[in-house]
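Below: the structure, in structure tokens.
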Amino acid sequence: MPMNTAKKSGKTEAGQPVAARNRVKILFPLPLLKPYDYLAPVDGIVPGAFVIAPFGPRKVYGVIWPGEFDDAASGKLKSIEKICDAPPLTPDLIDFIEWTAGYTMFPLGSVLRMVMRSGDMVEKPTMQTGYVRADASPSRLTPQREAVLKVAGIDPKTEAKTAAVLAEAAGVSDAVVRGLAKVGALAPVELDPDQPFGAPDLKRPGRKLSEEQIYAADILKQKVQTGGHTTTLIDGVTGSGKTEVYLEAVAAALARDPTAQIVILIPEIALTLPFLERVEERFGAAPAPWHSELTSAQRRRTWRRVAQGQARLVVGARSALFLPFQNLQLIIVDEEHDGAYKQEDGVIYHARDLAVARGSRGGFPVVLASATPSLETVINVDEGRYDAVGLPSRVAGASMPEIFLVDMRARPSERGKWLSPVLIDAVNKNLSVSEQSMLFLNRRGYAPLTLCRRCGHKMTAPGSDTMLVEHRFENRLVCHHTGFSMKKPSACPSCKAVDSLAPCGPGVERIEEEARARWPDASISVLSSDTAPTPRSMRDILDAMHDGAIDILIATQVAAKGHHFPNLTLVGVVDADLGLSGGDLRAGERTYQLLSQVAGRAGRATKPGRVLLQTYQPKAAVLAALESGDRNAFLAAEAEGRRAFSFPPYGRLAAIILRAQDEAALMKAANDLRQAAPNGDGVEVLGPARAPIYRLRGEARMRFLIKARRDVNLQSYLADWLGRVKTPSAVRRVVDINPYSFL
Ligand code: ADP
């Protein structure tokens with residue numbers, strides 16, 4: 001693509017006339033609203049190219065950006081330092097960055113930062129030395145040397161391995177490898193540490209699909225073959241084999257265009273390892289992973305190989321949407337309803353919505369998959385914007401689990417305990433027939449609240465209105481919002497009474513305590529982000545569960561989704577009411593989704609599953625819908641509720657959050673902002689109001705909620721409004737378009 005044609009004129013600092021073609025715009029990955037004009041040392045640098053240029057006192061990585069030049073700036077233009085040797089960002093990614101900045105109302109440079117967090121991804125890494133077998137054979141062939149030659153490859157392009165890798169494979173020391181190189185039996189070659197990803201094998205057959213799966217897969221394959229943008233929901237019950245179905249669409253897209261790239265988004269890091277293996281099994285090569293737990297070397301490998309177009313299939317978290325694809329042709333969003341797709345830090349966005357926008361702008365298909373699709377998606381299907389394919393039954397003849405409510409008012413647990421006799425009986429029965437049980441409680445730690453029995457003081461994080469959660473195993477009190485933690489004090493910090501701090505309510509550790517006391521001979525494990533902080537440790541517990549080595553798994557939501565445990569036949573939800581309290585507009589929907597997902601872990605293979613939901617509100621609409629299995633009636637009622645209040649998707653919503661250490665400055669800024677709000681047809685401004693978590697990390701927080709009719713351009717209303725007031729630097733202002741969190 002040619003460089004943008006510039007307007008004439010401009011002079012360098014040295015007074016040299018500047019040819020118009022030597023001007024470029026550069027966007028830096030910093031919170032900047034726009035790109036800046038620079039001089040280029042050579043002609044013809046394309047938009048998207050990575051460069052280094054001076055910005056203030058520093059030299060910064062940036063990207064050549066399309067756009068009109070700013071003539072006023074032409075007299076004092078600085079020059080680009082360096083043009084980097086990396087493939088440029090494509091026009092469709094530049095377009096997507098621009099669109100995302102406009103939609104989310106975050107600075108353009110902040111969105112670019114999601115594409116290139118740091119410059120070192122752009123730079124070629126230091127090459128390593130690899131070795132391949134050479135012609136010369138060593139005069140002295142020890143068994144160690146023989147072992148190395150056996151594992152060494154021949155092709156310098158694809159088979160070179162470092163001394164360390166060869167030595168480990170041969171079970172010898174590095175010195176043996178170096179010795180062979182010295183005598184010429186191994187030849188050194190330059191080796192890129194970012195090894196290419198294996199090419200997917202498209203001849204490899206997938207699983208034998210059921211008729212239902214074949215029908216759904218054919219529809220998706222058709223969409224891929226036809227090309228162009230469509231969004232299709234795979235609406236399939238838990239265990240219906242949705243993954244195998246969309247992997248057929250992936251295979252079709254890979255086959256249709258030999259340079260096509262595809263990304264599969266998954267919501268939970270805990271799912272990545274097993275998921276990567278599953279995809280590898282299907283295509284004979286591991287896909288490129290992308291998530292926050294990767295090492296910096298792993299990140300660089302995926303980023304560079306994606307940028308080169310070499311990595312064709314990426315499996316990742318929401319931020320994988322911002323990888324520098326050369327030819328993105330298909331996006332799959334698995335578990336599309338999942339709240340983890342909403343990014344709440346930095347640029348606030350919803351990856352499912354952005355995925356659809358990316359596909360729509362890039363002209364390629366997007367596939368959403370879920371057993372409990374979001375109301376937004378269901379309504380998009382109903383109104384004809386999205387297509388849907390259904391998978392109403394489980395694969396291989398497995399039946400859906402039966403769901404029962406346990407009314408805790410009628411069958412309460414013992415005092416200070418949390419499991420009702422009904423659930424205890426069910427676990428006993430399962431233990432007696434060697435089937436597995438899961439006790440689900442979506443609360444980490446031992447107790448969610450620590451209270452002084454004498455003065456009533458609640459333990460909160462310093463400078464925050466957030467409760468400290470006791471983690472008894474580590475003997476610490478932890479804030480799940482701020483990450484603050486402290487050793488549990490022996491005396492109340494307020495009244496100084498000794499041994500008066502009491503845990504209130506249960507977390508998974510407390511359920512574990514109860515379970516161990518009740519079933520001392522059972523094999524019991526806890527699965528939460530605390531007991532399994534890394535994907536590997538998570539994997540160990542999941543494997544043990546899969547292989548039947550665990551009788552009772554006590555788990556938070558990390559175990560709720562995606563996993564397949566063939567011998568799990570009982571799921572007990574300790575507190576089914578948990579998500580309903582303090583409700584925001586999606587509380588009911590979220591509870592329905594989470595409990596359906598967790599229920600969906602039961603009875604996925606040959607034995608039927610049972611689910612017991614402990615509740616104090618058996619009449620609540622969500623619980624009644626779960627018990628009767630009437631999803632559509634539940635969704636219809638939810639939709640009516642949203643329509644009555646013009647909440648999304650029947651209306652638009654945005655939040656503005658102001659925060660500051662100085663409360664007086666915060667109140668003034670909030671009131672000034674309120675005063676400046678323009679009258680907008682179909683727009684209602686609510687607030688400012690104290691945020692439910694008013695104090696967080698030493699700052700006070702105020703919120704506005706802006707409701708608008710669906711036909712209103714909310715972003716342009718907000719831009720007009722926010723452009724009228726200058727918020728003082730002591731007050732931070734953030735816009736959240738279509739908020740999911742109201743805290
Ligand atoms: P979902 O995502 O719909 O809950 P999965 O795609 O995880 O379901 O599939 C559930 C289980 O069934 C997995 O272990 C998967 O490997 C297996 N499976 C999927 N399709 C088939 C099939 N056609 N035949 C046999 N097993 C299958």
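The values are calculated or read from the model by the stated rules, or taken from the named source; none is laboratory data. In this text the structure is predicted, and so the values were computed from the model without any measurement. All Cβ positions, even for glycine, are placed from backbone atoms using ideal geometry, and neighbour counts span all protein chains on display. Keep in mind that these areas ignore ligands, DNA and RNA; they rest on the heavy atoms of the full protein, side chains included. Shrake-Rupley method; radii C 1.70, N 1.55, O 1.52, S 1.80 Å.
Taking the conditions exactly as written (touching a residue at least 40 places away in the same chain (Cβ under 8 Å), within 16 Å of the ligand (Cβ to nearest atom) and either closer than 19 Å to Gly359 by Cβ or charged (D, E, K, R) (or both)), does Ile331 satisfy them or not? Show your work before the answer.
Numbers: touching a residue at least 40 places away in the same chain (Cβ under 8 Å): yes; within 16 Å of the ligand (Cβ to nearest atom): no; either closer than 19 Å to Gly359 by Cβ or charged (D, E, K, R) (or both): yes.
The answer is no for Ile331.
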Practice problem: Select, from Gly362, Gly397, the only residue that is at pLDDT below 95 and over 22 Å from Ala587 (Cα atoms). | Solution: Gly397
Self-check item: Among the residues listed as Gly179, Gly227, the single one being open to solvent by less than 30 Å² (accessible area, probe 1.4 Å) and modelled with pLDDT under 95
Solution: Gly179
Quiz item: Can you spot a residue in the range 242-252 that is exposed (fewer than 14 other Cβ atoms within 10 Å of the Cβ), modelled with pLDDT of 95 or more and more than 16 Å from the ligand (Cβ to nearest atom)?
Solution: no
Quiz item: Mind checking whether some residue in the range 526-536 is among the hydroxyl-bearing types (Ser, Thr, Tyr) and within 16 Å of the ligand (Cβ to nearest atom)?
Solution: no
Quiz item: Only one residue in Leu233, Leu186 is within 16 Å of the ligand (Cβ to nearest atom) and open to solvent by less than 60 Å² (accessible area, probe 1.4 Å), so which one is that?
Solution: Leu233
Self-check item: Failed item, numbered, when Gly309 is tested on (1) in contact with a Phe, Trp or Tyr (Cβ under 7 Å, 6 or more places away or on another chain); (2) within 28 Å of Ala86 (Cα to Cα)
Solution: (1)
Practice problem: Need at least 1 residues that are open to solvent by 30 Å² or more (accessible area, probe 1.4 Å) and either of a type in the set (Ser, Thr, Tyr) or over 27 Å from Leu580 (Cα atoms) (or both) per element, so show me which strands (runs of 3 or more DSSP E) inside the range 435-524 make the cut, counting only ones lying wholly within it. | Solution: 476-478, 485-487
Quiz prompt | Residue satisfying condition, being open to solvent by 30 Å² or more (accessible area, probe 1.4 Å), under 17 Å from Gly339 (Cα atoms) and among the acidic types (Asp, Glu), within set Asp662, Asp575, Asp584 | solution = Asp584
Practice problem: Give the residue, chosen from Thr295, Thr238, Thr259, that is among the hydroxyl-bearing types (Ser, Thr, Tyr), open to solvent by 70 Å² or more (accessible area, probe 1.4 Å) and at pLDDT below 95. | Solution: Thr295
Exercise. Enumerate the helices (runs of 4 or more DSSP H) found wholly within the range 60-160, keeping only those where 3 or more residues are of a type in the set (Ser, Thr, Tyr).
Key: 91-104
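Let me confirm something: among Val685, Val598, Val611, which residue is open to solvent by less than 30 Å² (accessible area, probe 1.4 Å), within 16 Å of the ligand (Cβ to nearest atom) and not in a helix (DSSP H, G or I)?
Val611
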Practice problem: Would you be able to say whether some residue in the range 261-271 is in a strand (DSSP E or B), within 16 Å of the ligand (Cβ to nearest atom) and under 27 Å from the mean Cα position of the chain (by Cα)? | Solution: yes
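For the range 645-667, which residues satisfy the criterion of being over 31 Å from the mean Cα position of the chain (by Cα) and without any contact (Cβ under 8 Å) to a residue 60 or more places away in the chain?
Glu663, Ala664, Met667
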Quiz item: List, please: which pairs have Cβ atoms under 9 Å, are six or more places apart or on different chains, and start with a residue in the range 159-177 that is farther than 22 Å from Asp194 by Cα and end with one that is not in a helix (DSSP H, G or I)?
Solution: Ala170/Ala152; Val176/Thr142
Quiz item: Of (1) surrounded by 15 or more Cβ atoms within 10 Å (Cβ to Cβ); (2) more than 29 Å from Ala311 (Cβ to Cβ); (3) more than 16 Å from the ligand (Cβ to nearest atom), Asp174 satisfies all except one. Which?
Solution: (1)
Quiz item: Does the range 298-328 hold any residues that are open to solvent by 20 Å² or more (accessible area, probe 1.4 Å) and within 17 Å of Ile269 (Cβ to Cβ), and which are they?
Solution: Gln298, Arg299, Ala317, Arg318, Ser319
Quiz item: Looking at (1) of a type outside the set (S, T, N, Q); (2) out of contact with any Phe, Trp or Tyr (no Cβ under 7 Å at 6 or more places or on another chain); (3) within 16 Å of the ligand (Cβ to nearest atom); (4) assigned to a loop (DSSP other than H, G, I, E, B), which is the only condition Ala199 fails?
Solution: (3)
Quiz item: Somewhere in the range 694-704, is a residue at positive phi, out of contact with any strand residue (DSSP E or B) (no Cβ under 6 Å at 6 or more places or on another chain) and surrounded by fewer than 17 Cβ atoms within 10 Å (Cβ to Cβ)?
Solution: yes
Quiz item: Just one of Ser374, Ser360 is away from the ligand (no atom under 16 Å from the Cβ), touching a residue at least 40 places away in the same chain (Cβ under 8 Å) and either in contact with a helix residue (DSSP H, G or I) (Cβ under 9 Å, 6 or more places away or on another chain) or assigned by TED's automatic domain parsing to the domain that holds Ala587 (or both); which is it?
Solution: Ser374
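Does Asp155 satisfy the criteria of being open to solvent by 40 Å² or more (accessible area, probe 1.4 Å) and within 16 Å of the ligand (Cβ to nearest atom)?
no
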Exercise. Kindly provide the set of residues from the range 537-574 that are over 26 Å from the mean Cα position of the chain (by Cα), touching a residue at least 40 places away in the same chain (Cβ under 8 Å), assigned to a loop (DSSP other than H, G, I, E, B) and away from the ligand (no atom under 16 Å from the Cβ), ordered by number.
Key: Ile550, Asp551, Val574
